[in-house]
Structures are given as structure tokens and as C-alpha cells.
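Participant: Would you mind keeping the following structure in view while I ask a few things?
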Amino acid sequence: MKKNKTCDILIVGGGIVGSSIARNLAIKHPKKKIILLEKDNKLGMHNSILNSGVIHSGLYYPKNSLRKKYCVKGNILLTKYHKEKNIPLRHCGKLIAPRNAIEIEGLMKLYKQGIENGVDLN
């Protein structure tokens, strides 16, 4: 029995993750037929639209954790993408202000962790 093949890759869900996967696969495999299924009329209309718009630095996560790895890498890649596509991106930074001596100690630990994690602390 011969099967009808309608696509090489099927992605269900057109949010940020599904759309990003579809885009990257299309770039890496331009000859593949990729179908992205989304139940709404527009992409990114559920959890994606609720996104805070913050690009996390990886500052708070342990040095060898996947969360740190992907925050740092994702921050670099997303910033690069915005520059390449001329998409405005506001780098406003983050201010962490200690209220007492105990919090200053915690801030110094966080600073050291940020350096170890390769986070841009400028």
C-alpha cells in the first residue's frame, strides 16, 4: 500500500516555540515541506501574547544548569536576531538594590555567579 506523504515535518501550535521551530527547520532544511498548524487565525495568540517581553540573562541560575545555559545563549541569539532584522529592542538592564548588609552579601554572591555564568553585567 502506497502512502500519500503531504509533508516532511508537521508542527502543531503556532506560538513562539512552534513558529521558531518551523522557521529554524525551514532555514536548515529548505527542501523539506513543513506544515505549521495553528487553530487561530493569527500566530502567537495564546501564551505567547502574555509574554512579558523580558529577555532573561541567566543571572539567577546555577552555573551548570540548563536554564542558565539556554538563558545566556537565548539572550545572545535573540539580541543578534533583532539587530539583523532591524527590530527595536530596548536594553534597559536590571537594577538590584540591597536594603541592608545581609542583602549586600547576597548581591555579591549574585554578582560572582553572574560573572561565572558569562552574563553581561554592564
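Participant: Taking the mean number of other Cβ atoms within 10 Å as a proxy for protection, how do you rank 90-100, 26-36 from highest to lowest?
Facilitator: Order by mean packing, descending: 26-36, 90-100.
Participant: Report the convex hull volume per residue for the stretch 53-122, counting only C-alpha atoms, in Å³.
Facilitator: It comes to 92 Å³ per residue, whole-number rounded.
Participant: Hey, can you grab everything whose amide H is under 5 Å from the amide H of GLY15? Only 5+ residues off in sequence or another chain; H modelled, so Pro and N-termini drop out.
Facilitator: Distant-sequence amide H within range of GLY15: GLY44.
Participant: Greater than 32 Å separation of Cα atoms is the criterion. Which listed pairs, LYS33/LYS94; LYS42/LYS83; LYS32/LYS80; LYS80/LYS109, meet it?
Facilitator: Pairs exceeding the cut-off: LYS33/LYS94.
Participant: When the Karplus curve 6.51 cos²θ - 1.76 cosθ + 1.60 is applied with θ = phi - 60°, which whole-Hz ³J(HN,Hα) does each residue of the stretch 95-101 get, with x for Gly and Pro?
Facilitator: For the stretch 95-101, the Karplus curve yields 9, 10, 10, x, 9, 7, 5 Hz.
Participant: Still on this model: Taking N as the number of residues in the chain, what is its Cα Rg relative to 2.2 N^0.38 Å?
Facilitator: Cα-based Rg divided by the globular estimate yields 1.45.
Participant: Using a Förster radius of 41 Å, what is the FRET efficiency between LYS42 and LYS109 based on their Cβ-Cβ separation? Nearest 0.05, please.
Facilitator: 0.40
Participant: If you count, for each residue, the other Cβ atoms within 10 Å and average over each peptide, how do 37-46, 80-89 line up from highest to lowest?
Facilitator: Top to bottom by mean Cβ count within 10 Å: 37-46, 80-89.
Participant: In whole Å, how far is the Cα centre of the stretch 75-122 from that of the stretch 6-22?
Facilitator: Between the Cα centres of the stretch 75-122 and the stretch 6-22 lies a distance of 31 Å.
Participant: From the alpha carbon gyration tensor of the stretch 1-51, can you work out the equivalent ellipsoid semi-axes (sqrt of 5 times each eigenvalue) and give them in Å, largest to smallest?
Facilitator: Semi-axes (√(5λ), whole Å): 24, 14, 6.
Participant: What is the helix-to-structure angle for 66-84, meaning the angle in degrees between its Cα long axis and the longest Cα principal axis of the chain, kept from 0 to 90 and rounded to the nearest 10?
Facilitator: Approximately 70 degrees, to the nearest 10.
Participant: For n ≥ 4 DSSP H runs only, could you compute -39500 (n - 2.57) per run for the chain, divide by its residues and tell me the 222 nm figure to the nearest 500?
Facilitator: Helix contribution divided over all residues of the chain: -13500 deg cm²/dmol.
Read-outs throughout are calculated quantities, based only on the coordinates presented, and are distinct from any laboratory measurement. Here the structure is a predicted model, which is why all the values come from computation and not from measurement. Cβ atoms come from the backbone with ideal geometry, glycine included; neighbour counts cover every protein chain shown.
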